[in-house]
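These notes are about the structure you will find just below.
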């Protein structure tokens, strides 16, 4: 059996503060909590896939340590023109606004999110719209979940005995999973709690977009090899 090479990077490009009540359901609306802005790069033998595109600006927020997403990916040796695919987990500004920077990519987005996300996507970019589940490459599946927003999605990556989950905003920070508390911004709280219930199992490794401890680094590396 041939196992494909696979590398995954977290790429951090900014920080802001939010009311704690947005990050943790039922928490203080006055207490501020710092969060990161990050997205993910998946490299396979023939694809360079972004999970979310980030944003070049965040109106209404004072973003610190901010880099444009197209610049931020250069820190891991990849240019914007090399990106072959962009998976949009959901069509909120901070996950999709910079998608136009990746002009050679095919955009993958759920039907429900495309309704709100279409305005961010230039007419000359290719778009692939999916309903519930989409296999974009060996070991990598996009799954519509619908907790954070009506068509929000996650990405599942099979890696030996561990399944990695790129969570989009189904949870904001690691503590959502660890403490089994959903965010305060769910459109479907039941589905958000179902996400936490399922993926808090130790056989999964959940990677968020907003934990303050996130940094730009490689989080998965598998080399091609042949197994009998």
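Brief remarks on what is shown
- Only residues that are part of a loop (DSSP other than H, G, I, E, B) and under 13 Å from the mean Cα position of the chain (by Cα) were counted in region 146-156, giving 2.
- Any chance residue 192 is outside any loop (DSSP other than H, G, I, E, B), at pLDDT 95 or above, out of contact with any helix residue (DSSP H, G or I) (no Cβ under 6 Å at 6 or more places or on another chain) and surrounded by 16 or more Cβ atoms within 10 Å (Cβ to Cβ): yes
- Evaluation of residue 55 against the conditions (1) in contact with a helix residue (DSSP H, G or I) (Cβ under 9 Å, 6 or more places away or on another chain); (2) modelled with pLDDT of 95 or more; (3) surrounded by fewer than 23 Cβ atoms within 10 Å (Cβ to Cβ); (4) more than 26 Å from residue 139 (Cβ to Cβ) shows that the sole unmet condition is (3).
- Scanning region 180-189 for residues being closer than 18 Å to residue 90 by Cβ and either in contact (Cβ under 8 Å) with a residue 60 or more places away in the chain or part of a helix (DSSP H, G or I) (or both) gives a total of 6.
- Scope region 1-52; condition buried (at least 23 other Cβ atoms within 10 Å of the Cβ) and at positive phi; matching residues: 52
- Residue in region 86-141 that is surrounded by the fewest Cβ atoms within 10 Å (Cβ to Cβ), counting only those that are part of a strand (DSSP E or B) and in contact (Cβ under 8 Å) with a residue 60 or more places away in the chain: 137
- When 21, 28 are screened for being touching a strand residue (DSSP E or B) at 6+ places or on another chain (Cβ under 8 Å) and within 21 Å of residue 185 (Cβ to Cβ), only 28 passes.
- Number of positions in region 67-81 that are at pLDDT 95 or above and surrounded by 15 or more Cβ atoms within 10 Å (Cβ to Cβ): 8
- Criterion violated by residue 164 - all others in (1) in a strand (DSSP E or B); (2) surrounded by fewer than 16 Cβ atoms within 10 Å (Cβ to Cβ); (3) in contact with a strand residue (DSSP E or B) (Cβ under 7 Å, 6 or more places away or on another chain) satisfied: (2)
- Only one entry of 212, 177, 220 meets the criterion of being assigned to a loop (DSSP other than H, G, I, E, B), surrounded by 13 or more Cβ atoms within 10 Å (Cβ to Cβ) and either in contact (Cβ under 8 Å) with a residue 12 or more places away in the chain or touching a helix residue (DSSP H, G or I) at 6+ places or on another chain (Cβ under 7 Å) (or both), and that entry is 212.
The values are calculated or read from the model by the stated rules, or taken from the named source; none is laboratory data. Predicted, not measured: the structure shown is a model, and the values here were computed from it. Methodologically, a virtual Cβ is constructed for each residue, glycine included, from the backbone with ideal geometry; neighbour enumeration extends over all protein chains shown.
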